[in-house]
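Student: Right, I'll just put the structure down here and ask away after.
Any read-out appearing in this document is the output of simple, stated calculations on the displayed coordinates, not a laboratory observation. For clarity, every value in this text was computed on a predicted model and none was experimentally measured. Positions of Cβ are generated from backbone atoms using ideal geometry, with glycine treated the same way; all protein chains shown enter the neighbour counts.
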Amino acid sequence: MLDEEFRADRSGYAEISATDGSVTVVSDTAIVSPYLIGDHQTAAFAIPLCDRLRRGAVDVRSDVADDPALTSVEKAAYAGLRVGAAIALPLFEGVALRAFIFLHYRHPRSFKDADVEILQETSDRLSTAIDASRAKAALRISEAQLAAAFESVPAGIAMLDTQGRIVVANSEYRRFLPGGIMPSRDPANRGRWQAWNDEGGVLALYDYPGARALRGERTVPGQEMLFRVDQDRHVWTRVATVPIHDEQGRVTGQASVISDIDALKRASEALRENEARAQLLIDGVALATWETASDGLVETDSPNWRAYTGQSFDEWKGQGWLSAIHPDDRTAISEKWRETVRKRRSIDAEYRLRKANGTYRWMNVRAVPLRDEAGHVVKWLGMNIDIDERKRLERALEGSERRTRVVLEGIPQLLWRADCSTEWTWASPQWLTFTGQSEADSRGFGWLRILHPEDRAAALSAWTEAAAVGCFEGEHRLRRQDGAYRWFAMRAKPIRDAAGHIVEWLGTANDIDDLRQAQARQGVMVAELQHRTRNLIAVVQALSEKTLDGASSLADFKTRFADRLSALARVQGLLSHACAGRKVTFDALLQSELCALGANDGDTLDARIILRGPSGIPLRSGAVQALALALHELATNAVKHGALTVASGRLAIAWSVTRQDGQRGILTVEWIESGLAPPRAAGKDTRVGYGRELIERALPFQLKARTSYTFTDDGLRCTISVPVVADRHESEEDR
């Protein structure tokens, strides 16, 4: 197009290697030889030409033979090519020269300043386009190369003629136009497209973007249209079109872009932000380009900036553009822009820009300096890219992650995550606090080290099979950071993708140690209750028989039997505490009997009674009942017949525990009554009642006790030695 516009005898396109600086002529339109296509690493004109082009300006040589800036070698080279005048347009990628376009003339000729300005503007615009799209390859001239560039764009791009037929398009565009013609002129496929106007009515065919472009109207940033892919699937697209005019202003075709916005559109509907999302999608493709003078002040108009912000040129020029920046961002971007201009470097920044309707959207601004041949900055070229959607999603994601983190860290359970291969990837702060592990130590299968050695094999086996069964469940002991183990119920469920494949596991560990202990105590209590119920019935039966045998009358039987049942009831009350996990101690048992007989009111002990022995000696549950009945018989006898019947009487009760070679302790109780007159004590040794029979016969048989029961001159001396619990914990055989 340039050779036709400027009537050149030869035009071409050359690329410059980024590695060795060699020049490769890719295209040469000369109709006569010599042709320049090929590598020119050592060509006489290549190296000095590239050096001049790197300064950023168009290289214009009106008469190469008489040009004082050219060396004799260059002049000879141009003469060999039969070139009398030459123009070269630099193409930059960033700040690096990557290619140039050249025009050759056989004869010297002069160039108007306007022509040079057009060429310079063309060079600048092409360089800016290359930099903005970050293309990996330079612009290709041929149709095949242009199509390859089209294919790299993540949207459908095409050029259509005045009949609405595709002239050139990438495969993404052809996916939406299988008939090769725009929908409004394709009866076979127009039914696959639907669109609606601002009022919600069906969009007429003549208002489709393609039809509007052929009438000379622009549809930018685009019309949202629903495209039917197949019978069951539709996708949302945005179709943007602009007309192409010839020199007389007649429409000769259109440029069209179809963007697949289905994911964004459906996400916006799911989040109930239809209007905001739609506006975001419409504005998302809009770009504002601008330029400033070398001092960073705006002197040149930018219609797309002003259309976006609603500023007039007077409001925009100089530093007026800052008034369109959000107040919270204005100072920072102003300082950064001044620093950029001062250091003459590129800028890449973000700020919020006010739209014409007063709303703000996040923009990414980029600008680079353009330099003259001497390396001085002559102007700045910049562009704004709408990144508001990305910012919103980032904030939403941050908020979601923050809320999730608060929830996960606030629940009492220990939480963890694992990948699809069942290796742990994360452990919650609760896990780390309880176990003392670091998160790094828990990852993979490091968490197994916290399990009790006896539980690890079962846990690993269940975890290995979790993917097959679809869940993981188990009760295992976890080591607390102080070394103690507690029971936990560990459970995990898989998180699956849309195809049903496991992508992650989310698991919990719930402390059930107290529950298991309660269940264990409940089991013991039930078993103990059954055992004691049977024994109690037998004891009551034996008490009734023995009391009946020794009773002198029914009234005497009633009194004695009631006393003994009361003693039995008291010991059952004490045993109920033992079932709740608290041991019955000897001193508590003794105090209970003395209180029941009035010898101890709980606060004051009868002055005639002396108690001596340690407190808190635990008794075996199986020994409490028999020992309590023995104490009851001794105490009853002392109150009714013994030392507590006279003021001079004395009752001394002493007890102690001795150990036998590390075995369980032996509790020895000495019951000594004194102060009775000899007539009251005489002859007592010939009487054998229920109490004495219980002490001398039942206790040795039931408790493996050693006993003695002897009347003295002034009273009674009874000794009972019975095995007791070795410590506070009772085993099964102790019951």
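Student: Return the ratio Rg/(2.2 N^0.38 Å) for segment 2-133, where Rg is computed over Cα atoms only.
Tutor: Ratio of Cα Rg to 2.2 N^0.38 Å: 0.98.
Student: A further question on this structure: Set the Förster distance to 22 Å, then compute FRET efficiency between V503 and V469 from the Cβ-Cβ distance, nearest 0.05.
Tutor: 0.80
Student: Students often check this: by mean Cβ neighbours within 10 Å, which of 427-436, 492-501 ranks highest, and how do the rest follow?
Tutor: 427-436, 492-501
Student: What ranking do D113, D549 get, fewest neighbouring Cβ atoms within 10 angstrom at the top?
Tutor: D113, D549
Student: For D262 and A293, what is the calculated FRET efficiency with R₀ set at 51 Å and r taken between the beta-carbons, to the nearest 0.05?
Tutor: 0.70
Student: Quick check on packing: order 228-236, 343-351 by the mean number of other C-beta atoms within 10 Å, highest mean leading.
Tutor: Top of the packing list down: 343-351, 228-236.
Student: If the chain between V168 and R659 were fully stretched, how many nm would it gain, using 0.36 nm times the residue separation less the Cα-Cα distance?
Tutor: Extra length from V168 to R659 when fully extended: 166.3 nm.
Student: Give me the one-decimal nm value for the distance between modelled label points at V524 and V73, 7 Å along each residue's Cα-to-Cβ direction.
Tutor: 10.2 nm
Student: On to the next question. Hey, how much of the P(r) for segment 312-386 falls beyond 14 Å, as a percent of Cα pairs?
Tutor: 65 percent
Student: OK, next. For a quick check: sort E4, E199, E291, E423 by the number of other beta carbons within 10 angstrom, fewest at the front.
Tutor: E199, E4, E423, E291
Student: Also, quick follow-up: Find how much the distance from I610 to K558 grows on full extension, using 0.36 nm per residue of separation minus their present alpha carbon separation; answer in nm with one decimal.
Tutor: So the extension gain works out to 15.6 nm.
Student: With +1 on the Cβ of every Lys and Arg and -1 on the Cβ of every Asp and Glu, and nothing else charged, how large is the dipole of segment 2-133 about its Cα centre, in debye rounded to the nearest 20?
Tutor: Roughly 280 debye, rounded to the nearest 20.
Student: Let me ask something additional. Say the cut-off is 21 Å between C-alpha atoms; which of K317/K355; K355/K391; K583/K640 go over it?
Tutor: Table pairs above 21 Å Cα-Cα are K583/K640.
Student: Enumerate the amide H contacts of V378 below 5 Å, restricted to partners 5 or more residues apart or on another chain; note that Pro and chain-start residues carry no placed amide H.
Tutor: L370, R371, D372
Student: Next question. Pulled fully out, how much extra length does the chain show between D161 and D113, if you take 0.36 nm times their separation in residues and subtract their Cα-Cα distance?
Tutor: Net length gain for the segment: 13.8 nm.
Student: Using r as the Cβ-Cβ distance of R402 and R215, and R0 as 56 Å, what FRET efficiency do you calculate, to the nearest 0.05?
Tutor: Once the sixth-power term is evaluated, E becomes 0.65.
Student: Here's something else I'd like to know. Arrange the following residues from fewest to most other Cβ atoms within 10 Å of their Cβ: F313, F472, F111, F100.
Tutor: Final ranking by Cβ density, sparse to dense: F313, F111, F472, F100.
Student: Using every Cα-Cα pair within segment 411-511, state what percent have a distance larger than 21 Å.
Tutor: Cα-Cα pairs of segment 411-511 separated by over 21 Å account for 26 percent.
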